[in-house]
1. Suppose we keep only residues that are open to solvent by less than 60 Å² (accessible area, probe 1.4 Å) and either of a type in the set (V, I, T) or assigned to a helix (DSSP H, G or I) (or both) within the stretch 259-312. Which one would you say is farthest from A238 (Cα to Cα)?
2. Taking only pairs six or more apart or across chains, which ones have beta-carbon atoms under 8 Å, a first residue in the stretch 1-28 that is open to solvent by 70 Å² or more (accessible area, probe 1.4 Å), and a second residue that is among the β-branched types (V, I, T)?
3. Only one residue in R302, R227, R260 is farther than 30 Å from H154 by Cβ, at pLDDT below 95 and either of a type outside the set (S, T, N, Q) or out of contact with any Leu (no Cβ under 7 Å at 6 or more places or on another chain) (or both), so which one is that?
4. Only one of S245, S256 is outside the structural domain of R186 (by the TED database), farther than 29 Å from D85 by Cβ, open to solvent by 30 Å² or more (accessible area, probe 1.4 Å) and not in a helix (DSSP H, G or I). Can you tell me which?
5. State all residues of the stretch 214-231 that are without any contact (Cβ under 8 Å) to a residue 24 or more places away in the chain and under 18 Å from Y278 (Cβ atoms); if no residue qualifies, say none.
6. Specify the residue that is farthest from P82 (Cα to Cα); the eligible residues are those in the stretch 185-212 that are of a type outside the set (F, W, Y) and within 15 Å of the chain's Cα centre (by Cα).
7. Select, from D240, D214, the only residue that is part of a loop (DSSP other than H, G, I, E, B) and closer than 25 Å to G259 by Cα.
8. Any residue in the stretch 193-213 that is charged (D, E, K, R), open to solvent by 40 Å² or more (accessible area, probe 1.4 Å) and either without any contact (Cβ under 8 Å) to a residue 24 or more places away in the chain or under 19 Å from I175 (Cα atoms) (or both)?
Amino acid sequence: MEFKDYYQILGVDKAASIPDIKKAYRKLARKYHPDISKEPDAALRMQEINEAKTVLTDPEKRAAYDQLGERYHAGQDFRPPPDWDAGFEYSGGGFEEFDLGEFSDFFANLFGHGGQTRSRAHHAYQMRGGDRHARIFVDLSDAFHGATRSVTLHVPQTDAQGYVSLQEHNLKVRIPKGIKEGQHIRLAGQGHHGIGGGEPGDLYLEVHFTPSPDYRVEGKDVFATLRVAPWEAALGAAIDVPTPSGQVHLKIPKGSQGGRKLRLKGRGIPGAEPGDLYFVLEVVLPPANTDKARQLYEAMARDMPFNPRQTR
């Protein structure tokens with residue numbers, strides 16, 4: 001999948017106002033609309049033009065897209081990072097619904113089927129202020145111990161001329177012990193102001209864990225790779241290993257193979273029904289980079305006939 005430069009598609013500057021973007025869209029739509037255009041690629045061009053307008057005329061989508069675009073250029077091979085829109089506040093109460101058949105894979109990966117841009121629907125006569133949403137990333141250790149974190153969110157604002165700018169929204173957020181990936185933290189009264197004196201809406205923070213080289217999370221369960229020496233796997237061993245909740249003394253059963261899972265019940269994400277912690281064994285061979293090491297390997301090859309390709 002290739003990265004799409006929506007500014008380039010519409011032929012506008014990255015600082016263009018919303019009225020300028022709409023003007024550029026109308027000009028291109030008159031040229032490429034399939035009902036009137038004789039251009040051979042009119043349908044594809046119209047799809048790209050529609051996508052560009054959809055993103056660049058929505059201050060919230062545009063702000064997140066602009067931050068993403070700082071790292072990519074048109075035509076570059078692209079896969080959206082999982083945190084591409086983290087820290088941006090969005091209006092509404094859920095994911096937008098698009099007829100994704102009308103849009104490219106690029107658009108669908110960012111904004112459809114669980115993409116992170118939220119709906120901007122408002123009700124003109126609603127007294128209570130609308131809710132807002134944002135994604136935040138926290139360390140896995142916060143779910144084990146709880147924490148209070150400073151969070152800075154970005155709120156897109158549009159001025160009277162149609163130019164978009166970002167304002168910072170600084171918060172102190174309590175991360176409750178036992179929170180799971182995808183859960184929401186509700187901050188009452190931190191959403192849109194109410195209409196006609198109505199109470200304000202709420203801000204919902206969708207929690208995700210910062211990617212870790214040491215741990216992988218599935219629901220309430222946590223997985224880690226444990227590297228062991230061949231003799232520890234073959235003969236068994238008792239070793240001290242770190243976990244998100246502290247050091248544990250772990251027994252490696254003799255005759256273990258790479259890929260074996262050792263389960264520590266209740267050592268996963270805390271809660272009324274805590275998850276489990278799994279160590280997945282990876283047998284690591286010492287290098288044969290000295291005469292002594294080579295002699296030991298040669299002795300094993302001679303005295304321990306073994307063909308791993310015939311092992312079941």
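The values are calculated or read from the model by the stated rules, or taken from the named source; none is laboratory data. Values in this document were obtained by computation on a predicted structure and should not be read as measured data. Please note: Cβ atoms are built from the backbone with ideal geometry, for glycine as well, and neighbour counts cover all protein chains shown. All accessible areas refer to the heavy atoms of the entire protein, side chains included, with ligands and DNA or RNA removed. Shrake-Rupley method; radii C 1.70, N 1.55, O 1.52, S 1.80 Å.
1. A299
2. Pairs that qualify, where the first residue is open to solvent by 70 Å² or more (accessible area, probe 1.4 Å) and the partner is among the β-branched types (V, I, T), are D20/V12; K22/T57.
3. Details: R227 fails: at pLDDT below 95; R260 fails: at pLDDT below 95.
Unique residue meeting the criteria: R302.
4. On the way: S256 fails: open to solvent by 30 Å² or more (accessible area, probe 1.4 Å).
Every option except S245 fails the conditions.
5. Filtering the stretch 214-231 down to residues without any contact (Cβ under 8 Å) to a residue 24 or more places away in the chain leaves 214, 216, 218, 231.
D214, R216, E218, listed by residue number.
6. Of the stretch 185-212, the ones of a type outside the set (F, W, Y) are 185-203, 205-208, 210-212.
Subset that is within 15 Å of the chain's Cα centre (by Cα): 205-208, 210-212.
Details: L205: 16, E206: 13, V207: 13, H208: 10, T210: 10, P211: 9, S212: 13 Å.
Of everything passing the filter in the stretch 185-212, L205 is farthest from P82 (Cα to Cα).
7. On the way: D240 fails: part of a loop (DSSP other than H, G, I, E, B).
Residue meeting the stated conditions: D214.
8. Quick first cut of the stretch 193-213, residues charged (D, E, K, R) only: 199, 202, 206.
If we keep only those that are open to solvent by 40 Å² or more (accessible area, probe 1.4 Å) as well, we get 199.
With either without any contact (Cβ under 8 Å) to a residue 24 or more places away in the chain or under 19 Å from I175 (Cα atoms) (or both) added as a condition, the list becomes none.
Scanning the stretch 193-213, I find no residue that is charged (D, E, K, R), open to solvent by 40 Å² or more (accessible area, probe 1.4 Å) and either without any contact (Cβ under 8 Å) to a residue 24 or more places away in the chain or under 19 Å from I175 (Cα atoms) (or both), so the answer is no.
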